[in-house]
1. So A531 fits all but one of (1) surrounded by 19 or more Cβ atoms within 10 Å (Cβ to Cβ); (2) over 30 Å from E644 (Cα atoms); what number is the exception?
2. Which ones in the range 488-512 are in contact with a strand residue (DSSP E or B) (Cβ under 9 Å, 6 or more places away or on another chain) and either among the hydrophobic types (A, V, I, L, M, F, W, C) or on the phi > 0 side of the Ramachandran plot (or both)?
3. Check every one of the helices (runs of 4 or more DSSP H) wholly within the range 295-402 and list those with 3 or more residues that are modelled with pLDDT under 90 and more than 29 Å from E633 (Cβ to Cβ).
4. What are the pairs, 6+ residues apart or on separate chains, where a residue within the range 142-167 that is more than 15 Å from Y117 (Cα to Cα) has its Cβ under 6 Å from a residue that is charged (D, E, K, R)?
5. Could you tell me which of the residues T549, T538 is over 30 Å from L718 (Cα atoms), in a helix (DSSP H, G or I), of a type outside the set (D, E, K, R) and without any contact (Cβ under 8 Å) to a residue 40 or more places away in the chain?
6. So, S142, is that one more than 25 Å from G215 (Cα to Cα) and touching a strand residue (DSSP E or B) at 6+ places or on another chain (Cβ under 9 Å) or not?
Amino acid sequence: MATYHLRVKNDTQPSGTKVSAKRHADYILREDGESHADYINREGAQSERTDCIFKGNQLPKWAKGSAQKFFSAATRYEGKGNRRYKEIELSLPNELTLEQNREIVDKFIANHLSNHYYAYAVHEKAGFLSGERHPHVHIMFSERLIDDVEKMSERPAYKYFCRAARPLKGEQVASFERRKEHGAPKAPKWHDKKYLCEMRADFARIQNEVLAKNGFSIRVDHRSLKAQQSEAVEHGNDFLATVYNRMPESYIGIISAHEDDSLAKDVKRFREKVQNRQHSLFQDDMRRKTAQEEETKFLVNQAERAWFFLSNSKAYKSEDFKNETLNGLNREILAGMARIQTLKRKMIGFLDARERARKEYLPATDYQFIQDYENKMKQCKDLERISKQLIPPTGKYIEDLQAFQTITRGIGKRISDLRSFLAQRNSQYWTILGKLDEPYRQKNVELVMNWFLQNDLDTLGELKKTSTSVLKKIDALRKKIEVPEMHKTIFTAREIRDHLFRQYRSLKKQREESIDTCNMLMLKRIFPSEAISIAKNTFTHDGFKKLQTEQEEYKKALAKYEQETSENRERELLFLHKKWTNQAEKFQAQYYLTKAKINLEETGRKLTDTKIRLESELTRLGNLCQTKEAQEEIVLLAADILHENLKIVLEYEEAKKRIGDLYEKLEEAKKRFKAFDEGYRSLKQNRVYRVIQPGSNSTKISALKENELAKIIADALLGEPYAVQLVARFDSNALEMEKDWEMMSELDKDELIRKKIIREL
């Protein structure tokens, strides 16, 4: 887990007492060691320890590459009370490999220790408190600089650690010769607290650069929890603000960690509480963010649907948008829809954020296993769904039925193989997923997901705002271009007759259009035998399609060859039966006949070679499709083709059903029109009708559309008892006089019913 730790230590105890390197190593590891350099480099008595995975140094030639020799000389020749070495401990991200962590170490040393002699070692072991890999580096270095004198000619050990030359009176810097006779100067920056702060910030920057370079989203921060909390509050990240609102963890030394003393137990319990608290906060934060995501997706969907229906409406298509207001509103909607599509591509979302975090915190092999397992799981579910949805052929063609059975058997076998594959690896799958529940992985996965989704909030907010704005503009444009129809409520007998005729013509037109649609869908339908042929062609990378094209070209060339051969044979017969008077003409004709015969023979040979090649290619493709693996793949491809064509099949069946329904409605409308037309002339032409339902249900009548009102009046005039009770008539022109409207009398009802009975007889 990427955590920040940088500590600078001296060769003294807090009380100021000097401690030998050997005693210091004994104190840390409770093992016999010769020096702290031995501990760092795992040399001498420490060489049996296996947690040192890499070592490096920059030492003078007299040290002969031995850090022990260099720091022993420092112990011997440094003045009394002087520091013999300083040590920097750096924690390294366990997300990175050794080579990637070495890049961090090299950059840090280049920035801060390039002018010092040093030795470092990278250690990696399981942390006592976390149980996870804990790569870290110990850097021991001398505070003395590698100055220009040292670079030109190295000082011997006894001289290097002596007191540095001081400038004489009138000198700003001691002369080169005097500095050569004295020791190397010590860098004053190691006494500057400001520089220590800068070094801490630089180490965080280096780690974050290398983490980002290698595809990790987690970041380290050298600042205090309070500073990180303030930044989280400033950026509106309530989750992190609450996570950072806690007491800092107590520092625990290596001895306490190994002995599992009370301090170690307390720190371990504290970490568990922090982790549980973060997990609980994360769950609450994810619920809020996913709710916001779903709300935004709903608004986007509403805007897209509203725009689809408006842009495909007759009113929109007939509008020329010459009006400046309408044109501006339309342009704003188009720009808003384009912006929505851009933001949708930019949005990450909960599932994608979880997948990215999972990828970062699982080993590559484990992540690939998870991907393969879940792909197989999805493929199995898809095939099960396809198997249930496929419709068997209803025709009489045996090859289609056989092809369908072949496809269903192939799907069944593939499903069985996938289920067996998943069952064998199920335990391993859940074991790998269980790694993500390990505390340190879970913590980082949650932080990475929060980082992605927090950055996604601005996109979601803009997407929500844009969708809401587009919805309002679509509604405004619809109101401006769609003029509401004024429903007619009063009808004459002639208008009722015209309505019935229009209804008949409309149903007839709908049936004709449905027949055309059905014929078009019938051509688009793919039968099982066709699906297998298409699958074979796909499997062979259009091999059969190319072969078919070449076969058609061959047939055309063969037909042309046969025609030319026949014509040339007729010319030869004419040549033989013709009586030639001019020998020159005869020789010329014979020359052209011979030349044509030679060309035809050459063409015949080429056609024969082409035929052999095409037959060979057909055999090759056939053999290629006969292998077990090929047949399984072809069956699955055919199943996908049939499944994709399922929509066409369902539309075709629906079109057939619609044609039958429209036929019944058309016959009924035709019958109604003829019946009404027979009694039309007996009706008074100045009489008008309207639908009235007295009492509390009058509002229901007002809600009916014009077609529904006309239908009720037509039924009433045709003698339908239920409709007669709802229709009122009026014979005067004073239509504003509501009281003059009368319900149809009992005599009218009886007369209409009598006519209806006579018609039916």
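The values are calculated or read from the model by the stated rules, or taken from the named source; none is laboratory data. Since this is a predicted model, take the numbers as computed values, not measurements. Virtual Cβ from ideal backbone geometry, glycine too; neighbours counted across all protein chains shown.
1. If we test A531 against (1) surrounded by 19 or more Cβ atoms within 10 Å (Cβ to Cβ); (2) over 30 Å from E644 (Cα atoms), just (2) comes out false.
2. I490, F491, A493, I496
3. Values: elements: 314-318, 324-346, 350-360, 364-389.
Of the helices (runs of 4 or more DSSP H) lying wholly inside the range 295-402, those with at least 3 residues that are modelled with pLDDT under 90 and more than 29 Å from E633 (Cβ to Cβ) span 314-318, 324-346, 350-360.
4. A165/R178; A165/R179
5. Values: T538 fails: without any contact (Cβ under 8 Å) to a residue 40 or more places away in the chain.
Exactly one residue qualifies, and that residue is T549.
6. Details: more than 25 Å from G215 (Cα to Cα): yes; touching a strand residue (DSSP E or B) at 6+ places or on another chain (Cβ under 9 Å): yes.
When the stated conditions are applied, S142 passes them.
Residue by residue, here is whether (1) of a type outside the set (V, I, T); (2) under 30 Å from G215 (Cβ atoms); (3) surrounded by 14 or more Cβ atoms within 10 Å (Cβ to Cβ) holds:
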| position | (1), (2), (3) |
| --- | --- |
| K289 | yes, yes, yes |
| Q292 | yes, yes, yes |
| L299 | yes, no, yes |
| F308 | yes, no, no |
| A315 | yes, no, no |
| L329 | yes, no, yes |
| P363 | yes, yes, no |
| E384 | yes, no, yes |
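Listed here are the residues, each with its yes/no results for (1) out of contact with any helix residue (DSSP H, G or I) (no Cβ under 9 Å at 6 or more places or on another chain); (2) surrounded by fewer than 18 Cβ atoms within 10 Å (Cβ to Cβ); (3) of a type in the set (F, W, Y).
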residue	(1), (2), (3)
I104	no, no, no
N111	no, yes, no
Y117	no, no, yes
I139	no, no, no
E143	no, no, no
E154	no, yes, no
A164	no, yes, no
L168	no, yes, no
K189	no, yes, no
